[in-house]
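Structure record follows, encoded as structure tokens.
Every number in this text was worked out from the coordinates using simple rules, so none of it is lab data. Since this is a predicted model, take the numbers as computed values, not measurements. With ideal geometry, Cβ positions are generated from the backbone for all residues, glycine too; neighbour counts draw on all protein chains shown.
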Amino acid sequence: GWMWKRHAGFDVVTYKGTGANRVQSHSLGRVPEMVVVKKRNSTQNWYTYHFGLNGGTNPELKTVMWNSADAEDSAGSFTFNNTAPTSTVFSLASSHATNGSGDTYISLLFASVDGISKVGYYDGTGSGLTITTGFQPRFVILKRIDASGNWYVLDTTRGWGAGNDKHIQLNETNAQSDFDFGAPTATGFTLTVHNGYNGSGGKYIYYAHA
């Protein structure tokens, strides 16, 4: 697992739901580009806002879930109240998904920081593809959003770039397995061809960390 720690480009906020549309303050110090919310006191999905949803246009209207391979859906009003986050707050709808009355939640907020992290999105080509992050990443999460696709997780500690990259999926409980995804570079990473992360015409989001 990964023990997320508050630092530049990352913040953790816990809160109690009100059951009414509202905003929640954060300490990221910049606009979050990915926000993940999970109810703690009962079963619920990991609802996720990412600024690359909906092709990067009005991404607040869409939602994906860390625990699901489903494509993005039009649940923005159900989760983040169809409102993009700002440098000081993120919005919450009145539903049990992210803000049920008396329920407790944890939220993870991510943003790009030069040389450290990159929240991004891209179009698949169906051929070898290079993604530029501005640094050499050691950790990456990839997800197709216009169709069903796993949340692939790769890191250099387990051998990303060796040709038999050990990966896991956030949306599955399976053990890690091997596949050639590509490799990190000095300024980003390359991708081989696969519908899950680089299919022709596919829409994808990612998070990379140095």
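For (1) in contact with a strand residue (DSSP E or B) (Cβ under 7 Å, 6 or more places away or on another chain); (2) surrounded by fewer than 20 Cβ atoms within 10 Å (Cβ to Cβ), each residue gets a yes or a no:
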{"site": "E172", "(1), (2)": "no, yes"}
{"site": "A175", "(1), (2)": "no, yes"}
{"site": "D178", "(1), (2)": "yes, yes"}
{"site": "G182", "(1), (2)": "yes, no"}
{"site": "T190", "(1), (2)": "yes, yes"}
{"site": "H194", "(1), (2)": "no, yes"}
{"site": "Y204", "(1), (2)": "yes, no"}
{"site": "Y207", "(1), (2)": "yes, no"}
Going by what's in this entry, would S101 be described as out of contact with any helix residue (DSSP H, G or I) (no Cβ under 7 Å at 6 or more places or on another chain), on the phi < 0 side of the Ramachandran plot and crowded, with 17+ Cβ neighbours inside 10 Å? no
Among the numbered criteria (1) closer than 19 Å to Y207 by Cβ; (2) surrounded by fewer than 23 Cβ atoms within 10 Å (Cβ to Cβ), which one does G128 miss? (1)
Condition set within 18 Å of the chain's Cα centre (by Cα) and farther than 30 Å from I168 by Cβ, scope the stretch 55-83, selection surrounded by the fewest Cβ atoms within 10 Å (Cβ to Cβ): answer is T57
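If you take the residues in the stretch 15-54 that are β-branched (V, I, T) and more than 18 Å from the chain's Cα centre (by Cα), which one is surrounded by the fewest Cβ atoms within 10 Å (Cβ to Cβ)? Full working, then the answer.
First, pick out the residues of the stretch 15-54 that are β-branched (V, I, T): 18, 23, 31, 35-37, 43, 48.
Still in the list and also more than 18 Å from the chain's Cα centre (by Cα): 18, 23, 43.
Working: T18: 15, V23: 14, T43: 5.
Filtering first and then ranking leaves T43.
With a cut-off of at least 2 residues that are closer than 27 Å to K16 by Cβ, name the strands (runs of 3 or more DSSP E) lying wholly within the stretch 70-146. Step through it out loud before you land on a result.
Numbers: elements: 89-92, 104-110, 117-123, 129-132, 139-144.
The strands (runs of 3 or more DSSP E) meeting that bar are 89-92, 104-110.
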